[in-house]
Structure formats: structure tokens, C-alpha cells
Amino acid sequence: DSGVTQTPKHLITATGQRVTLRCSPRSGDLSVYWYQQSLDQGLQFLIQYYNGEERAKGNILERFSAQQFPDLHSELNLSSLELGDSALYFCASSRTVDSNQPQHFGDGTRLSIL
Amino acid sequence: DAKTTQPPSMDCAEGRAANLPCNHSTISGNEYVYWYRQIHSQGPQYIIHGLKNNETNEMASLIITEDRKSSTLILPHATLRDTAVYYCIAVNYGGATNKLIFGTGTLLAVQP
């Protein structure tokens, strides 16, 4: 158990819809990261937050947005969903943004677009 | 971040040591070498990391060459549950982020 909690575990929805994925970091961790894993793209970094503020952006689509709340949990919002958005979405957390701090991952949310 | 190169797959007999190599010839002085693994579709699991010195924890050992251009992850007594994709990643505190850039990793198959 990494201590990172992601909900829901599975999500099935239709094209054009909007969903929200939730992540609770490990106790004491200030930084939250979102990654996407699809069959053809592998694991890709999407976005990072640190203590409520956006820290870095990766290949995140404009249809996707995220935020980190004062209690440090984070949400990833995906809108106008397309078939290609079907993937595993992982959240990770770390104490700080120091490169000497490992990230710990949740079990992911499996998103299926029908 | 430095690019890392790993063999796409390796086999190991159960109970034997698994030695997974990683090349990172362009690594800079302030980049850590991290190892993660992913079992089936579970979340990646942190294994170990190091900068210059060899490191050991309850899961594995990390051997980094003196010139830091390559490293080896050692699982001392591989079990079937160690079958996974292993990722070697160089992490640099540059641009105010320690994001992970995953490559394709090495699929380690532990054979009974």
C-alpha cells in the first residue's frame, strides 16, 4: 500500500462526456503528479502541483485540467472525452519537489470511453 | 533529463539474482538514477535511487559505475512476484520539477 488513494478505480463513460478523477496523496506529501498510461503511448507525465500551485505541465491536452486543493488532494478533470482518452490515469505524490524525493503511486483509475 | 537505455526484456530463474542494466551516458552531475517497476497494470512502485554511491534497501541494490554512465539494479533472490516492467529514470531538479519521464523499460520474466 503506497498510501496514495485514487477514486474511482474504474470509470466507463461515453464520448463527449466529462469526468473527474480524484487523488489523495500520502500523509505529509505536498506534491502531486498525474500520469496517463495508454497502450500506444506508455506512461506519460501530465501535470504536477506543489502545495496548491501548478509546478509543471507535460503533454496535457487543453480538454484536461487539474487542481490541488488546500487539503492537498487533487482532481483531474477530463472533458469532451474521445475514444483515445481511454487509458489508465495514475496519481503520485512526494514530500517536496526535490529530486532526492521518490514519488509514490496510487493504483490508478481505469477510464474506458465507449 | 538524461536519456536512459535498457534492454527490452530479460529472463531470470527463480531464486537467482536478477541484474538489470541501464545506460545513461549523458547523465549530469545533479541527476539521480531512479528505478521503478510496474507489475501488470498496477501503479508503478518505487524501488531505489542513488546519485553516486551504491545503495541497498530491503528490495534491491543499485550499483552505479564510477563515471556514472551506467547502473545495475540487482534483485538478490528473484521470485515469480518480481515479474514486471522495470524502469530506469534519470531525475534532474531542473525547471523546478522532478517529474518522471518513463521510457519503455525492461520486462523481467522470472521463470520457475
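The values are calculated or read from the model by the stated rules, or taken from the named source; none is laboratory data. Predicted model only: the values in this text are computed from it and were never measured. Neighbour counts are summed over all protein chains in view; Cβ atoms, including those assigned to glycine, are modelled from backbone coordinates with ideal geometry. Surface accessibility is based on the protein's heavy atoms, side chains included, excluding ligands, DNA and RNA. Shrake-Rupley method; radii C 1.70, N 1.55, O 1.52, S 1.80 Å.
Would a scan of the stretch A:80-89 turn up a residue that is acidic (Asp, Glu) and surrounded by 19 or more Cβ atoms within 10 Å (Cβ to Cβ)? The answer is yes, given that some residue of the stretch A:80-89 is acidic (Asp, Glu) and surrounded by 19 or more Cβ atoms within 10 Å (Cβ to Cβ). A:Arg55 meets all of the listed conditions (1) open to solvent by 50 Å² or more (accessible area, probe 1.4 Å); (2) of a type outside the set (Val, Ile, Thr); (3) over 20 Å from B:Ile89 (Cβ atoms) but one, namely (3). In the stretch B:57-101, counting only strands (runs of 3 or more DSSP E) that sit wholly within it, the ones holding 2 or more residues that are hydroxyl-bearing (Ser, Thr, Tyr) and more than 14 Å from chain A (Cβ to nearest Cβ) span B:70-75. Among the charged types (D, E, K, R), open to solvent by less than 80 Å² (accessible area, probe 1.4 Å) and over 16 Å from A:Gly108 (Cα atoms) - does that describe any residue in the stretch A:31-52? Checked the stretch A:31-52: no residue is among the charged types (D, E, K, R), open to solvent by less than 80 Å² (accessible area, probe 1.4 Å) and over 16 Å from A:Gly108 (Cα atoms). Of B:Asn19, B:Asn98, B:Asn54, all but one fail to be free of Cβ contacts under 8 Å to residues at least 40 places away in the same chain and either open to solvent by 80 Å² or more (accessible area, probe 1.4 Å) or more than 17 Å from A:Gln101 (Cα to Cα) (or both); the exception is B:Asn54.
Within the stretch B:22-45, which residues are surrounded by fewer than 19 Cβ atoms within 10 Å (Cβ to Cβ) and not β-branched (Val, Ile, Thr)?
B:Asn23, B:Ser25, B:Ser28, B:Gly29, B:Asn30, B:His40, B:Ser41, B:Gln42, B:Gln45
Each residue in the stretch A:69-114 was checked for being in a strand (DSSP E or B) and of a type outside the set (Val, Ile, Thr), and 18 of them qualify. When restricted to residues that are open to solvent by 40 Å² or more (accessible area, probe 1.4 Å) and closer than 22 Å to A:Gln103 by Cα, the stretch A:3-19 contains 4.
The criterion of being among the polar types (S, T, N, Q) and within 11 Å of the chain's Cα centre (by Cα) holds for A:Gln36.
Do we find that B:Thr106 is among the hydroxyl-bearing types (Ser, Thr, Tyr), surrounded by 21 or more Cβ atoms within 10 Å (Cβ to Cβ) and either farther than 29 Å from A:Thr5 by Cβ or touching a strand residue (DSSP E or B) at 6+ places or on another chain (Cβ under 7 Å) (or both) in this structure? Taking the combined requirement at face value, the residue satisfies it.
For the stretch B:15-27, check the following and say yes or no: at least one residue is modelled with pLDDT under 95 and within 13 Å of chain A (Cβ to nearest Cβ).
Yes, because at least one residue in the stretch B:15-27 is modelled with pLDDT under 95 and within 13 Å of chain A (Cβ to nearest Cβ).
Can you tell me which residue is most open to solvent (accessible area, probe 1.4 Å) among those in the stretch B:1-14 that are at pLDDT 95 or above and within 14 Å of chain A (Cβ to nearest Cβ)? The extreme case among them is B:Pro8.
When the test is whether a residue is surrounded by fewer than 19 Cβ atoms within 10 Å (Cβ to Cβ) and β-branched (Val, Ile, Thr), A:Thr109 does not pass it. Scanning the stretch A:61-113 for residues that are in contact with a Phe, Trp or Tyr (Cβ under 9 Å, 6 or more places away or on another chain), more than 8 Å from chain B (Cβ to nearest Cβ) and free of Cβ contacts under 8 Å to residues at least 24 places away in the same chain yields a count of 2. Evaluation of A:Ala66 against the conditions (1) assigned to a strand (DSSP E or B); (2) small (Gly, Ala, Ser); (3) open to solvent by 30 Å² or more (accessible area, probe 1.4 Å) shows that the sole unmet condition is (3).
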